[in-house]
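Heads up: the structure comes next, in structure tokens.
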Amino acid sequence: MPGNFRPFAFDRRLLPTPVDYYAGEGVRLFGRSVWRDALCPFHPDTTPSFRVNIETGAFRCMACGARGGDVLAFHMRRHALRFIEAAKSLGAWELEP
Ligand SMILES: [Zn+2]
């Protein structure tokens with residue numbers, strides 16, 4: 001209904017920082033470089049096959065091929081959410097000014 005229409009929008013600036021986000025997801029990051037190592041949450045992993053970029057939130061697994069460009073992509077994949085659902089879940093879906 002037009003009268004009830006509320007414009008919402010994704011605001012990337014509201015996404016949690018990658019370090020905080022992955023910590024909250026229980027993905028323990030190892031190392032000191034921009035790309036950190038971790039156990040992959042998408043397949044049974046015994047050696048750290050998973051890599052996370054702590055500046056962009058991008059992730060990729062050298063073993064199972066899981067990959068994405070930011071914490072939103074990770075959140076969608078891990079929790080089987082659509083884009084808007086994931087953005088809301090991460091607090092990055094706000095009323096437009
Ligand atoms: Zn994997």
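The values are calculated or read from the model by the stated rules, or taken from the named source; none is laboratory data. Given the structure is predicted, the values throughout are model-derived calculations rather than measurements. Methodologically, a virtual Cβ is constructed for each residue, glycine included, from the backbone with ideal geometry; neighbour enumeration extends over all protein chains shown. Heavy atoms of the whole protein, side chains included, go into the accessibility calculation; ligands, DNA and RNA do not. Shrake-Rupley method; radii C 1.70, N 1.55, O 1.52, S 1.80 Å.
The table below lists the values:
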read-out: Where residue 38 falls short, out of the listed (1) surrounded by 15 or more Cβ atoms within 10 Å (Cβ to Cβ); (2) more than 12 Å from the ligand (Cβ to nearest atom); value: (2)
read-out: Residue check for residue 80: over 21 Å from residue 20 (Cβ atoms) and more than 11 Å from the ligand (Cβ to nearest atom); value: yes
read-out: Unmet criterion (only one of (1) within 16 Å of the ligand (Cβ to nearest atom); (2) hydrophobic (A, V, I, L, M, F, W, C); (3) surrounded by 18 or more Cβ atoms within 10 Å (Cβ to Cβ)) for residue 30; value: (3)
read-out: Total residues in segment 60-74, condition assigned to a loop (DSSP other than H, G, I, E, B) and either in contact (Cβ under 8 Å) with a residue 24 or more places away in the chain or open to solvent by less than 40 Å² (accessible area, probe 1.4 Å) (or both); value: 3
read-out: Answer from 57, 24 - the residue that is at pLDDT 95 or above and open to solvent by less than 40 Å² (accessible area, probe 1.4 Å); value: 57
read-out: When residues of segment 48-67 are limited to those that are on the phi < 0 side of the Ramachandran plot and under 9 Å from the mean Cα position of the chain (by Cα), the one farthest from the ligand (Cβ to nearest atom); value: 58
